[in-house]
Each structure stands twice: as structure tokens, then as C-alpha cells.
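Comments concern the structure below.
The values are calculated or read from the model by the stated rules, or taken from the named source; none is laboratory data. Quick caveat, the model's predicted, so the values are computed rather than measured. Positions of Cβ are generated from backbone atoms using ideal geometry, with glycine treated the same way; all protein chains shown enter the neighbour counts. Each accessible area value is taken on the protein alone, full model and side chains, heavy atoms only, with ligands, DNA and RNA left out. Shrake-Rupley method; radii C 1.70, N 1.55, O 1.52, S 1.80 Å.
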Amino acid sequence: MKKFIVMICALLMICAVASAKNVTVTGRGATPSDAENDALRAAVENTLGVLVDSATLTQNSVLISDQIYTQSRGFVNDYRVLNRELVGNVWHVTINAAVDDQPNSKLMNELTRLGIINVQLRNPKIAVYVPEQHLNYSVGGAGGEVAIVKALLNAGFSNVIEVGTGLSYQNPMNMNAAQMRQAAQSYGADIMIVGESFSEGVGDVGDYLPGYQRTNMQACRARVEAKMFIVRTGQIIAADGKYGSAYDNSQAVAAKKALASAGEQAGNYFVEQITGMYTSRQGVEVVVYGADFSKINLVQSALGRVNRVKNVNLSSYEGGKAVFTLQYGGSPQTLFNELQAVTDADLTLQSLTYNTLTIRVR
């Protein structure tokens, strides 16, 4: 049993190092220890250059120096010394370091707490470009794209742009990194979702029923394929394809319904990817107003039944106002929707920000 536990711990350590950013840097100092500490600082500084834009780094240089660089060793998962050399009176130490830059890492949590990366985390600007075509004939519009935008808005992302016919790329799924970045920058987007959607008529609904009875209801199926990337880095962070089907007495309407179904699924998928990458990096504060503590207790119990909610703590209670702190892998709007689904309590949404949900319970 002891050997098994040791093996598990070793695997966890390997996974942690593998998921970190590896950098090779050189530090300088009056002693080997000073030079090694300087190299650790340089490793963290190198990582920040990828995570944070240069303007934000410059604007917060003093804060970063005092709160981040002085703790550099704590943000490094592991490192090894490659070379030590005395040049004149100065020691030069080169290391290869694994800096933990994952969403829930200590570094990302600290950057969020200090507000260094809050502009990107709070409400990223998202551009959506998913043109569509009906394989039988043109039906116009962009049902799949609209459904993706709606899913993002419902999740609490308010800074969303529906590109529509604003771009003219024939095959968006084949856009290279340079083309995607150029398209996104024209809209000032932080994140861009690009893709294609297709629909086709598949005949009368009765063709799929026993006896092949004619119903005069047209069935359609659709597929939405899309990928999402971070504009600043050009990194594709998610890609998937979703199917939908629907029927109506008009094939054009059935096509739109099928595209909307596939688009909604795609939109929910991308919401999960964005919230997993962004909002799960910091805790969420839930402020609850209730007539008495029994009402507030209903909310606390409901929080314990919501998936992705962890570490619920009642941090304060006074005058009918309770403040809970917790970890949640989604947006505050999604958390409110999930709370409503798991409790019969009468909840009213009062307000929300990127990491604060305020509700009233009756």
C-alpha cells in the first residue's frame, strides 16, 4: 500500500511538472545562492511575459516586483541547475525551471488577487464567426452562430460580437493563425470562435416512422464545427463539432431549428472551455440577502449540491446579509442558473460581476 501511495505521488509530481511552462534562464549575483535566486526570478518574469501584456506589466511593475518576484521560488514547480560559473566577481547560474502557469496555479491565483490579469478574466471580448449553408438551397441568416452567441450571453459574458457577414473567408475552419488573429484584431477581440455550419433536408418525417406515412413535416439535420483561440497568443484552446436535428412543415424553418440546436450545444461547450480557463482561476463570492438565517441556509445547502462548487465558507453574516466564498468552475450567471435548478427556494438575481453573485432569497 505504501509503495502504491508513493507511485501515485510520483505520478502527480510528474504531471504537475509536465503541465508547467519550462524555461531556461541565467541569473547573476554576488554568490551562487544570489545568482540562483535571480535565475528563479527570471524564470517567473519570462512566464509573465506570456501571460500578461507588456502595458499591464509596465503599469504594475512595482506591485509585481514586490508581490510576485520576491516569491518566485514559490511559483516554480521544479528546477535544475545546468551551469555555475564565476565571471570576474559575479556568479552566473543557468537553470531549467518548470513554472506553474496553469489556471488554478498559485501564480495565476496571485495575479488574479492582485488584479494584474483581471481585465482578461472579468469579461473577455469574444467574436463569433460561424457562417452557414444549407446543402439543398440557400436559407439565409446564421442560426448556428446566433445560438453560440446566445449561449455565451446566457452564461454571463456580455462583451460578445456576432460577426455575421462582416468577414468573407470561404473556409473559416481552414483559417491559419495569422488570418484568425487579423480577423479578431479587426474587432478588438480577446477570444475568437470561428467555424462553419451545415444543414440539409432529409425528407418527410413519416419516412422514418413505421409504415412510411406522409406527414408533410420536413426533417432536417445540421452540424456546427468550430474552434476557439486566444488572440494574444494565437493558441487554439478548444475545437469540436455538434449535431442537431429538427422538423417543421417548412424545410427552411426546420433547417434553422436544427442549426440552432447544434449551435446551442457548441455554445455551451465553448462556455465550459472559457469558464474553465478563466473564471475558475479565482474564487467566487456569493452575497445572499434573506429575511432570516433559515432562508439563507437554503442557499448554502443548494450550493453544496451544485457541480463544480468547492470549499463553501460562510465568511460573514449580519442583518440578514450573508457572504459566502467558494471555488466554482463557471461564471456567476451560470452558478445562479444552477442554484435555481437544485432548490425550490425563491431566488432573485440582484447583480453580478466577474466573480461576485448577489441574490435575494424569499
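Remarks
- Accessible area per residue in Å² at 1.4 Å probe, computed on the range 287-362: 50
- The calculated Kirkwood hydrodynamic radius for the range 148-300 is 18.2 Å, given to one decimal from all distinct C-alpha pairs.
- Derived value for the range 299-362: Kirkwood hydrodynamic radius 12.0 Å. Basis is the mean of 1/r over every pair of different alpha-carbon atoms.
- FRET efficiency estimate (nearest 0.05) - Cβ-Cβ, ARG362 to LEU314, R0 25 angstrom: 0.80
- Pairs from the list LYS106/LYS295; LYS227/LYS310; LYS257/LYS310; LYS150/LYS242; LYS227/LYS256; LYS106/LYS310 with a Cα-Cα gap above 26 Å: LYS106/LYS295; LYS227/LYS310; LYS257/LYS310.
- Farthest towards the positive end of the charge dipole of the range 146-236, among the residues GLN235, SER197, ALA222, is the Cα of GLN235, using unit charges on the Cβ of Lys, Arg, Asp and Glu.
- Other residues whose C-beta falls under 11 angstrom from the C-beta of ILE126 contribute a net charge of -1, scoring Lys and Arg +1 and Asp and Glu -1.
- Cα principal axis extents for the range 194-261, largest first, Å: 56, 20, 13
- With θ taken as phi - 60° and the Karplus curve 6.51 cos²θ - 1.76 cosθ + 1.60 applied, the whole-hertz 3J(HN,Hα) list for the range 293-308 is 5, 4, 5, 5, 5, 4, 5, 4, 5, 5, 4, x, 9, 8, 4, 6 Hz, x standing for glycine and proline.
- Here ALA177 and LYS321 are evaluated by their C-beta separation; at R0 = 41 Å the FRET efficiency comes out at 0.25.
- Counting every alpha-carbon pair across the range 221-350, the share separated by more than 19 Å comes to 61%.
- Near THR334: Cβ cut-off under 13 Å, other residues only, Lys/Arg at +1 and Asp/Glu at -1. The net charge is -1.
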